[in-house]
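Remarks on the structure that follows.
The values are calculated or read from the model by the stated rules, or taken from the named source; none is laboratory data. What you are looking at is a predicted structure, and each value in this text was computed from that prediction instead of being measured. Here the Cβ positions follow ideal geometry from the backbone for every residue, glycine too, while neighbour counts run over all protein chains shown.
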2 protein chains.
Amino acid sequence: MSGSTTDSAQASRGGRPRDPTRDGVIRAAVLHLLAAVGYGALTMDAVASQAGVGKATIYRRWRTKQDLVIDIIAELNQAEIIPPDTGSLRSDLRDLLHALVALINGPAGAAILSLLSTVPHDPTLAEAFRGGPLDGWQHAFEHVWAHAAQRGEVPPGLAGTVLAEAASSLLVQRWLLTGQPVDDAYADAVLAAVLLPLLTSIPSR
Amino acid sequence: MSGSTTDSAQASRGGRPRDPTRDGVIRAAVLHLLAAVGYGALTMDAVASQAGVGKATIYRRWRTKQDLVIDIIAELNQAEIIPPDTGSLRSDLRDLLHALVALINGPAGAAILSLLSTVPHDPTLAEAFRGGPLDGWQHAFEHVWAHAAQRGEVPPGLAGTVLAEAASSLLVQRWLLTGQPVDDAYADAVLAAVLLPLLTSIPSR
């Protein structure tokens, strides 16, 4: 969770170095408020109050709530998505889907949902979202497919294909569209009913 | 596109009967504004101006913008989703996916995206959304799976299963999460790379 852009901006203004603990508290406050009241109703006052820090502390780093939210979204999951490497594609996919279940049901999942309607109207937010959490997850899935190809489990070149997009798509559909529960049992059902049959259907090299 | 609740409320107040042409104009204005500015920034003034009708005309039917949007969302697609019946599951699914592509890229798709972040904070809107467009699409897919089972193409009981959820999920993921293009060519790629292999993997009865 380093924010290099903000760090250098801070250094160039000769301010104090960032306090990682306080950063974590502010980040948690923003995620909580996004989930609780949404982006439209989020205010810098509420972030300061929820984080238990002075407003000056927040304004010293971020001029607007847009700057603040964009920084936090861009950093979301960058450090936390560690691609699994269990030795089999089946258990790697299972681990990734369970990690996605945890994201969806946690504060980051609720915060992302609360921002989705704003993304089409806000190119900077859209860029932070695509370069941040979306990119992290895409790389994790690509890593898993590439390792499976190296082991000879699947042919090379599946990462990023339509077939590979299927892995997360059923969880995403319930999370964002239908609002039905997304839990580990559902992830396992997706693996059994969709992903394993698809893997079986791929001609081995 | 009948709105029976509103009709009876109107009748009980002794008002004039609804004018379907004007309803269509107001509906188009709301969908346009949801896509252009989002739910938070939508105002009754803007709807009246966009639709070219007096504000009194709108307030006579809907007390608040929430009432107006809920009525329009609840009616969305109710009359337009006609389940295909081409005689084969493959072409029925293809037709449904192409209809979904049209929805996603049209005013209804943009309007739904603009409301998604509000849905978790607004139970009445959530109910209108689930009982309206979501329900209509779910019935269309169920119809297609049930007819395929009647023809003996697939075993009975697949409608509503995790496997059946896969059909729309890849389009939904691009539409709502990644923002990548969703067109007929993508729908055909999903059919070829995911749905047809899955259908082949189902043991026939």
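Do we find that A:E153 is within 9 Å of another protein chain (Cβ to nearest Cβ), crowded, with 18+ Cβ neighbours inside 10 Å and of a type in the set (D, E, K, R) in this structure? Don't jump to the end; show me each part of the working.
Details: within 9 Å of another protein chain (Cβ to nearest Cβ): no; crowded, with 18+ Cβ neighbours inside 10 Å: yes; of a type in the set (D, E, K, R): yes.
Taking the combined requirement at face value, the residue does not satisfy it.
Considering each of A:T21, A:T6 in turn, give the residue that is in a helix (DSSP H, G or I), at pLDDT below 90 and surrounded by 12 or more Cβ atoms within 10 Å (Cβ to Cβ). Walk me through it before giving the result.
Values: A:T21 fails: surrounded by 12 or more Cβ atoms within 10 Å (Cβ to Cβ).
Of A:T21, A:T6, the one residue that is in a helix (DSSP H, G or I), at pLDDT below 90 and surrounded by 12 or more Cβ atoms within 10 Å (Cβ to Cβ) is A:T6.
Do we have B:E127 as acidic (D, E) and within 14 Å of another protein chain (Cβ to nearest Cβ) here? Reasoning before the result, please.
Numbers: acidic (D, E): yes; within 14 Å of another protein chain (Cβ to nearest Cβ): yes.
Criteria met by B:E127.
Quick test for you: out of A:D85, A:D95, pick the one residue that is in a loop (DSSP other than H, G, I, E, B), more than 24 Å from A:D45 (Cβ to Cβ) and modelled with pLDDT of 90 or more.
A:D85
Need the failing condition index for A:G179 against (1) surrounded by 16 or more Cβ atoms within 10 Å (Cβ to Cβ); (2) farther than 20 Å from A:P84 by Cβ; (3) within 17 Å of the chain's Cα centre (by Cα), just the number.
Here A:G179 clears every test but (3).
Taking the residues in segment A:73-82 that are crowded, with 18+ Cβ neighbours inside 10 Å and either in a helix (DSSP H, G or I) or hydrophobic (A, V, I, L, M, F, W, C) (or both) as candidates, determine which candidate is modelled with the highest pLDDT.
Start the filter on segment A:73-82 by keeping residues that are crowded, with 18+ Cβ neighbours inside 10 Å, which leaves A:73-77, A:81.
If we keep only those that are either in a helix (DSSP H, G or I) or hydrophobic (A, V, I, L, M, F, W, C) (or both) too, we end up with A:73-76, A:81.
Values: A:I73: 89, A:A74: 86, A:E75: 83, A:L76: 81, A:I81: 80.
Among those residues, the one meeting the criterion is A:I73.
Just to be sure before I move on: is B:A126 among the aliphatic types (A, V, I, L, M), free of Cβ contacts under 8 Å to residues at least 24 places away in the same chain, out of contact with any Cys (no Cβ under 7 Å at 6 or more places or on another chain) and farther than 26 Å from A:P203 by Cβ in the structure I sent? Please lay out each step first, then the result.
Values: among the aliphatic types (A, V, I, L, M): yes; free of Cβ contacts under 8 Å to residues at least 24 places away in the same chain: yes; out of contact with any Cys (no Cβ under 7 Å at 6 or more places or on another chain): yes; farther than 26 Å from A:P203 by Cβ: yes.
Yes; evaluated as a whole, the condition is true for this residue.
Among the candidates A:A126, A:A148, single out the residue that is of a type in the set (A, V, I, L, M, F, W, C), touching a helix residue (DSSP H, G or I) at 6+ places or on another chain (Cβ under 8 Å) and farther than 30 Å from B:F129 by Cβ.
Details: A:A126 fails: farther than 30 Å from B:F129 by Cβ.
Exactly one of A:A126, A:A148 is of a type in the set (A, V, I, L, M, F, W, C), touching a helix residue (DSSP H, G or I) at 6+ places or on another chain (Cβ under 8 Å) and farther than 30 Å from B:F129 by Cβ, namely A:A148.
Find the residue count for segment A:164-205, including only residues that are part of a helix (DSSP H, G or I) and either within 7 Å of chain B (Cβ to nearest Cβ) or hydroxyl-bearing (S, T, Y) (or both).
Selection size over segment A:164-205: 19.
Go through segment A:100-124 and give me each residue that's part of a helix (DSSP H, G or I), within 12 Å of chain B (Cβ to nearest Cβ) and within 16 Å of A:K65 (Cα to Cα).
Result: A:A111, A:I112, A:S114, A:L115, A:V119, A:H121, A:P123.
Could you identify the single residue in B:A148, B:A187 that is modelled with pLDDT of 95 or more, within 18 Å of the chain's Cα centre (by Cα) and surrounded by 19 or more Cβ atoms within 10 Å (Cβ to Cβ)? Break it down into steps so the answer makes sense when it comes.
On the way: B:A148 fails: within 18 Å of the chain's Cα centre (by Cα).
Criteria check complete, one pass: B:A187.
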